[in-house]
Amino acid sequence: MKKTLQLTFFTLFTSLLFSCSTVPGTGRTQFTPIPSGTMMSMSSGEYSKVIKQAKLSDDKEKVAMVRRVGKRIAAAVDQLLQEEEIEMKFDWEFNLIVDDKQANAWCMPGGKIAVYTGILKYTKDETGLAVVMGHEVAHAVAKHGNERMAQGLGVSLLSIALAVSLNEQDPTTRNLFLGAFGAGAQYGVLLPFGRHQETEADKLGVQLMARAGYDPYAAIPFWQRMAKASGGKKPPEFLSTHPSNETRIKNLETFIPEAAIYYFP
């Protein structure tokens, strides 16, 4: 068991060592050990399942808006990657799903995007939609899904290692240490990392929408509308993978002037 664990850790460490990359638009160095082809294949399969089961909108005007915004942001991604000489493949697809209760949108690794009709009452117009789609596409461009999978694997391996090292301890002591480790990983690593990814997606997202020809200052009123809609029901920031609405808006006030140079050249 111990030899297998050591080999697993060595394999993971070697994979991380040779999997450094830079996040476009922010310059952050990251570890993305899972091959892009694997991520795209997995994402494409899951996306197909969702689309087959979903009710797609037949509202031609709204569908056209989603695809128009998506294509403009996709072009902005291409421009950014070309400027920074980064090679990254996308197979873009944009769909509007009928679900008025879902105020949501997401973009899978590889550029498969779904927007739910429930978010449209908050986006209000095409520029507001660009805020949302720019943010979601930023997650894919920054390879946040790859990082999350690698991070989850790392935490699992450390948990196994701790369990092995405590194997000879009495059950009460063993469970106490394992419980403390789980809480520490959740609140000390996983949730803060999730909040960091959200903040990075906000920063890159307003840059992408600005490059696509949309006013990045529209991001603030959009998030103000979302904050009002939440009615203060969000959990405390330290218990959430997302920054609070107040923190998000404050950060955007810092990010937007930098992004605006692409909208007001």
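Read the figures in this text as sums done on the coordinates, not as results from a lab. Since the model is a prediction, treat every value here as computed from it, not as a measurement. With ideal geometry, Cβ positions are generated from the backbone for all residues, glycine too; neighbour counts draw on all protein chains shown.
Which whole number of Å³ per residue matches the convex hull of the alpha-carbon atoms in the range 20-92?
106
Below 13 angstrom from the Cβ of MET65, what's the summed charge of the other residues (Lys, Arg +1; Asp, Glu -1)? Before the final figure, lay out each step's value.
Working: positive: LYS60, LYS62, ARG67, ARG68, LYS71, ARG72, LYS124; negative: ASP59, GLU61, ASP125, GLU126.
Neighbourhood net charge equals +3.
Return the FRET efficiency for the residue pair THR254, HIS196: r is the Cβ-Cβ distance, R0 is 22 Å, and the value is rounded to the nearest 0.05. It would help to have the intermediate numbers written out before the result.
Numbers: r = 15 Å, r/R0 = 0.68.
Rounded to the nearest 0.05, the efficiency is 0.90.
Past the 21 angstrom mark, what percentage of all C-alpha to C-alpha distances in the range 74-152 do you count?
Counting pairs separated by more than 21 Å, the tail of P(r) holds 33 percent.
Between beta-carbons, use under 13 Å as the cut-off and find the net charge around ALA130, counting Lys and Arg +1, Asp and Glu -1. Let's see the in-between values first.
Details: positive: ARG67, ARG68, LYS71, ARG72, LYS124, ARG211; negative: ASP125, GLU126, GLU136, ASP215.
Net charge in that neighbourhood comes out at +2.
Using 0.36 nm per residue of separation minus the Cα-Cα distance, give me the extension gain between THR247 and THR29 in nm, one decimal.
Length gained, THR247 through THR29: 76.1 nm.
If you stretched the chain out fully between ASP78 and SER48, how much longer would it get, using 0.36 nm times the residue separation minus the C-alpha to C-alpha distance?
Values: separation 30, 0.36 × 30 = 10.80 nm, distance 2.40 nm.
Length gained between ASP78 and SER48: 8.4 nm.
Structure shown: which of LYS55/LYS203; LYS52/LYS89; LYS49/LYS124; LYS124/LYS203 lie over 26 Å apart, alpha-carbon to alpha-carbon?
On the way: LYS55/LYS203 32 Å; LYS52/LYS89 24 Å; LYS49/LYS124 29 Å; LYS124/LYS203 21 Å.
Pairs exceeding the cut-off: LYS55/LYS203; LYS49/LYS124.
Please sort 53-65, 105-117, 129-141 by packing, taking for each peptide the average over its residues of neighbouring beta carbons within 10 angstrom, highest first. All intermediate terms of the calculation are to be shown ahead of the outcome.
On the way: 53-65: 12.6, 105-117: 23.0, 129-141: 26.7.
Highest mean packing first, the order is 129-141, 105-117, 53-65.
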